[in-house]
1. Going by the alpha-carbon gyration tensor, a ≥ b ≥ c the square roots of its eigenvalues, is the protein assembly as shown rounded (a/c under 1.5) or, if a/c is not under 1.5, prolate (a/b greater than b/c) versus oblate?
2. To check you understand DSSP bridge types, tell me what percent of the beta bridges within chain B (both residues inside) are antiparallel, rounded to 5.
3. Once you charge only the Cβ atoms, +1 for Lys and Arg and -1 for Asp and Glu, what is the size of the charge dipole of the protein assembly as shown about its Cα centre, to the nearest 20 debye?
4. What residues of segment B:250-271 lose no less than 20 Å² of accessible area with every protein chain in place versus their chain by itself (probe 1.4 Å, heavy atoms only)?
5. Give me, ordered by chain and number, the residues 5 or more places off B:ILE244 or on other chains with an amide H under 5 Å from its own placed amide H.
6. Against the longest principal axis of chain A, how steep is helix A:62-75, in degrees 0 to 90 to the nearest 10, with axes from Cα atoms?
7. Output the 0 to 90 degree angle, nearest 10, between the alpha-carbon long axis of helix B:190-203 and the longest principal axis computed from the alpha carbons of chain B.
8. Lys and Arg at +1, Asp and Glu at -1: add these up for the other residues within a Cβ distance under 11 Å of A:VAL172 and post the number.
2 protein chains.
Amino acid sequence: MLKNFRRESDVVRKQGNMAVQRGNKDQGDGRRKVTITAIAREAGVSVPTVSRVVNGRSDVAPDTRARVEDLLRQYGYRRRTVAPGDRAALLDLVFNDLDSPWAVEIIRGVEEVAHASGVGTVVSAIHDRAGAARQWMKNLRARASDGVILVTSALEPVLHKELHRLGVPLVVIDPAGSPALDAPTIGATNWAGGMAATGHLLELGHRRIGFIAGPPRLLCSRARLDGYRSALEDAGVPVNDELIVPGDFYHESGFTGCETLMALPEPPTAVFAASDQMALGAIEALRRKGLRVPQDVSVVGFDDLPEMRWSAPPLTTVRQPLAEMGKMAARTVLRQAQGGDIDAPRLELATELVVRASTAPPAPRPAD
Amino acid sequence: MLKNFRRESDVVRKQGNMAVQRGNKDQGDGRRKVTITAIAREAGVSVPTVSRVVNGRSDVAPDTRARVEDLLRQYGYRRRTVAPGDRAALLDLVFNDLDSPWAVEIIRGVEEVAHASGVGTVVSAIHDRAGAARQWMKNLRARASDGVILVTSALEPVLHKELHRLGVPLVVIDPAGSPALDAPTIGATNWAGGMAATGHLLELGHRRIGFIAGPPRLLCSRARLDGYRSALEDAGVPVNDELIVPGDFYHESGFTGCETLMALPEPPTAVFAASDQMALGAIEALRRKGLRVPQDVSVVGFDDLPEMRWSAPPLTTVRQPLAEMGKMAARTVLRQAQGGDIDAPRLELATELVVRASTAPPAPRPAD
DNA sequence: CTGAAAGCGCTTACAG
DNA sequence: CTGAAAGCGCTTACAG
């Protein structure tokens, strides 16, 4: 390090007219402008030679290469244009928030497919704020991203319009539900999942089943709720609105939602939470009340995040193939980016009920 | 959509000599080559005009703009060079695996800082495979990334060497422990954390404390173990090697590690797992044996992943400021990328014991 | 609002 | 192994 810095000042002394050198802070006069031409002059070689070194070609004499590499490093050279052949292939993956294990699953899937195609995955969070979204659009443009995967965002319509204008392919994972969005979407069979979870509880013998809902503006929330309702109807169990409480997919709302449910004159014997995190919150609420899961109350979640195998007790839940959804989405944008056709404008991957240890038949009613 | 496709074939008909058009698969003769020049010819305007549209300048007649935009979209135009001013600023964040809530925390921190500086965060996983790493290096080079943040990887030395050659700044989060790595590193005070966790159990009155270790090749694992040992020594409790079992930070190993511990002739009254995930595995092992946490056995974890507040019972653990570490790392690479000095080559952020509900004084020994 | 001209940062044959 | 020359894909004044 020290050695480098020493050499650097030598260079600076000899070549004081270069805009800004590495190791110096911005000097009013602006951004540093380290070009291949400047490096060539400095190294006493031609521009093509530097170009060759930069591109790791083999036909450069070892000591020329070493000298040029040193200079490149010292001046902090970065390419200013991209080689025509290997355009930096980039794909943008945009979340509202990066605050849930949910997100990694999707990232994992997208990254796997993208990486295999030599494409980089740029991950961003826009926090449903128009400002952040605008900044992101600007960056997207600067980096000439080849495609965008957007995950459940209220900003869907705005971004879609702008991206369409720029001709950047867009795929939406788990669409929030903008009606006229004509981008391909990838989701899960939420309605069927809601049916399956509720059906499972019904089969165990539960008749009073509480439901902790997700944000009502999201399509997936509504589909899960409707699945719950349909299963009850199929079983001839009347839908009781006081058993349906609101939530926002986060732990806390599962906790309070469950408290509300258990404070009912006639509390439910089972709770279906529309997300795993809310299910965990619900279990905590029950634990605090001294109620055991599943002996006293059964709990079902939705998502099947990997850690749910290890919750206490291991959670019965509806598996949503998040990584698979990510992969699908990545394949779809990549195909579009290469000018291919999209095979399905709207796709729903299957959900699957995973029965673990948080559900059991209802406790026999206390003989009161 | 349909409309677009129709228009597109008109264009193709008129202009059959362009290499490959959008909507057509690769046609042997190679990659499509949609340049601003081609678009200009097609639109019957000059090259500068198309350039203006592409860059969203305001001084273009509305219908010229519309016509050009249509063409750009239809041909799937992507910039082939980057505007000198706004070079796509990119930062690479590299994990071994994207399989833990651990990762999101770091991503969140890095993204926040990078995004604020208009820098994109490219997330990759290299799975400790030299092949994947090589592919990634190639991509990194193509996208001219401005800096790299590497998270705990056995590939540290190789990547460091190569990146240094390219003059790309590198910061390592939670270094695996390559001895001669002269890149800045950001970690947590693992040793102090190990001390604190063990000290807490000691204070509660525990004397037989099991330890489920992390992978021994990682510095952080060794530091946590040494912290555990030191705390015991301070308290005058002899270190008993049969109470130390191996693990790999994942749930499963916590489960089996805890089983081993509880099968001991004289099992521990408390277990300190070197990761939250192993702590969860341990709790599950205890649950299966019918042992209650914390009444029968206390459990402490390490990391304080956000979901640990909601485990059953809420987990006492050592908080590692992962998002903060990500932010630090991002600031450090960004500063380096701008030619600034690094303020600290090696940084450890403080860990903090978070006491929740999984620890309690040991149960009185059964009077046998 | 638009284009002809000059310029920039590279890369790609080609010749030695 | 190296450079002079031509070329490419853009952008930036400048003039109208």
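1. oblate
2. 10
3. That gives the protein assembly as shown a dipole magnitude of about 3840 debye.
4. In segment B:250-271, residues shielded by partner chains: B:HIS251, B:GLU252.
5. B:PHE211
6. 60
7. It is inclined by approximately 30 degrees.
8. -2
The values are calculated or read from the model by the stated rules, or taken from the named source; none is laboratory data. These figures come from a predicted structure and were not determined experimentally. For neighbour counting, all protein chains shown are included, and Cβ atoms are generated from backbone atoms with ideal geometry for every residue, glycine included. Side chains included, ligands, DNA and RNA excluded: accessible areas come from the protein's heavy atoms. Shrake-Rupley method; radii C 1.70, N 1.55, O 1.52, S 1.80 Å.
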